[in-house]
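Read the structure below first, then the notes.
The values are calculated or read from the model by the stated rules, or taken from the named source; none is laboratory data. Predicted model, so just to flag it, every value in this text is computed and none were measured. Glycine gets a Cβ as well: all are built from the backbone with ideal geometry, and neighbour counts include every protein chain shown.
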Protein chains: 2
Amino acid sequence: MSPAATLDNAQARAAVLRSANAVFYARGIAGVGMADIRNDSGVSLRRLYSLYPSKRELVAAWLTDRHTIWMEWFTSSVDRCRTAGEEPLLAAFDAIAEWASSPGYRGCAFVNSAAETAEIDDTHRRIIAAHKESLLTYLISLARDGGYAEPERLGRMIGVLLDGAMVDAAVLRSCEPIVAARDAAAVLIDASQ
Amino acid sequence: MSPAATLDNAQARAAVLRSANAVFYARGIAGVGMADIRNDSGVSLRRLYSLYPSKRELVAAWLTDRHTIWMEWFTSSVDRCRTAGEEPLLAAFDAIAEWASSPGYRGCAFVNSAAETAEIDDTHRRIIAAHKESLLTYLISLARDGGYAEPERLGRMIGVLLDGAMVDAAVLRSCEPIVAARDAAAVLIDASQ
DNA sequence: TTGACATGAGAATGAACGTTCTCCTATAGT
DNA sequence: ACTATAGGAGAACGTTCATTCTCATGTCAA
């Protein structure tokens, strides 16, 4: 099959997606060329195009991949706090706060990508919307598990707060909006007892 | 001085900014070329560059201009509802909901611009952050005028909700997040009585 | 009228970038 | 060993775009 020295398709795809994740998030889709992906991943342009026939398709693959990665990170962060006895719906904000404090934080990759009209097509838009729907579904399930009144309503309210927190923390380069959002979430949760 | 048939600098600037506002918001900064601005405004490239020495400076002028325009629209919308007897902090969400229902809605221009790393520089980022600070100041003043406990805290919570509502309405192409945000704001306001 | 200057229309320049192509190496199956 | 094929390196192509330049026109002050 493949020689030991080179990567098989699955390995090459993984390398490309890893680079795409780093570089698209850091510099935006329009700010990254295919040559940048090649330089970062070590996968040649030729192979890159054999794996992903166009930049659009690479972006779609990246968004899909990032959805999985992000949701795994997010749910496991919440889980960790849940087992530590914290209210999961509040733990969500702690996870975001920790992320926002880390170097290179630029807000939500999906929101940022959606803002780049020139680089985004309808396929991308659908992936992004599906990601937000998925996040909402998860938050609603947390609200349901918590036994609150009107879990769907509570979950949606928390969802708007979370997105606002991610965006404002990036724009203002501060965790203060996340603190305010968490604070608000606590009030909403109290009111849903 | 200037011939009657041509525009003086002030008129040309106004025409350029009007076009910039339409086209940068609709297609993003990277999605618009200087030639597009010329085509839309009728101001020649040469004059365009004599008014704004670079695209960066045009973008900065647009952001500054849009801040003024948007804040005027927003505060007057809130005022209109205030005189109609509605709680101003809730009227804010109604204003956003009406905007989001109008054709061409693409979320908050400042958030979208901040997401375009490749096109945005530090000057732009400062204008954007100042806009959000200004919005926050206004919301806090509304909370203060409403006589609520901890108006700064309430204003900041409403601010995160508003931004989340604008973003999510754009991403999901739905007013539902705005409704959820308004709903949450009502609970927060109640809790601040 | 004449010369200095502003302006418009749009061509030219130079860089960036998505995508394809060429040349060359190395491997795998025979 | 021999050929067909995959893959790498990176040049080449075609386009887009910010920015500048040229040429032609028109205006104002004298």
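With the structure loaded, tell me whether B:Val179 is farther than 15 Å from A:Ala129 by Cβ, at the interface with another protein chain (Cβ under 7 Å from one of its Cβ atoms), of a type in the set (Val, Ile, Thr) and over 18 Å from the mean Cα position of the chain (by Cα) or whether it fails that test. No; evaluated as a whole, the condition is false for this residue.
Contact map, region A:109-120: first residue more than 7 Å from chain B (Cβ to nearest Cβ), second residue among the hydroxyl-bearing types (Ser, Thr, Tyr) and surrounded by fewer than 24 Cβ atoms within 10 Å (Cβ to Cβ), Cβ cut-off under 6 Å, separation 6 or more or different chains; pairs are A:Ala109/A:Tyr25. For region B:167-182, a tally of residues being farther than 15 Å from A:Arg182 by Cα and in contact with a helix residue (DSSP H, G or I) (Cβ under 6 Å, 6 or more places away or on another chain) returns 10. The set of residues in region A:8-37 being surrounded by fewer than 15 Cβ atoms within 10 Å (Cβ to Cβ) and in contact with a Gly (Cβ under 7 Å, 6 or more places away or on another chain) consists of A:Ala26 alone.
A count restricted to region B:29-47 and to residues that are more than 8 Å from DNA strand C (Cβ to nearest atom) and either over 28 Å from A:Gly28 (Cα atoms) or not assigned by TED's automatic domain parsing to the domain that holds B:Val16 (or both) stands at 1. Take the conditions (1) within 11 Å of chain A (Cβ to nearest Cβ); (2) touching a His at 6+ places or on another chain (Cβ under 9 Å); B:Ala129 misses just one of them, which is (2). Could you please find all residues in region A:16-69 being outside any helix (DSSP H, G or I), more than 30 Å from A:Tyr138 (Cα to Cα) and within 15 Å of DNA strand D (Cβ to nearest atom)? The answer is A:Ala30, A:Gly31, A:Gly33, A:Gly42, A:Val43, A:Ser44, A:Tyr52, A:Pro53, A:Ser54.
Scanning region A:110-125 for residues that are surrounded by 23 or more Cβ atoms within 10 Å (Cβ to Cβ), of a type outside the set (Val, Ile, Thr) and not in a loop (DSSP other than H, G, I, E, B) yields A:Phe110, A:Asn112, A:Ser113, A:Ala114, A:Ala115.
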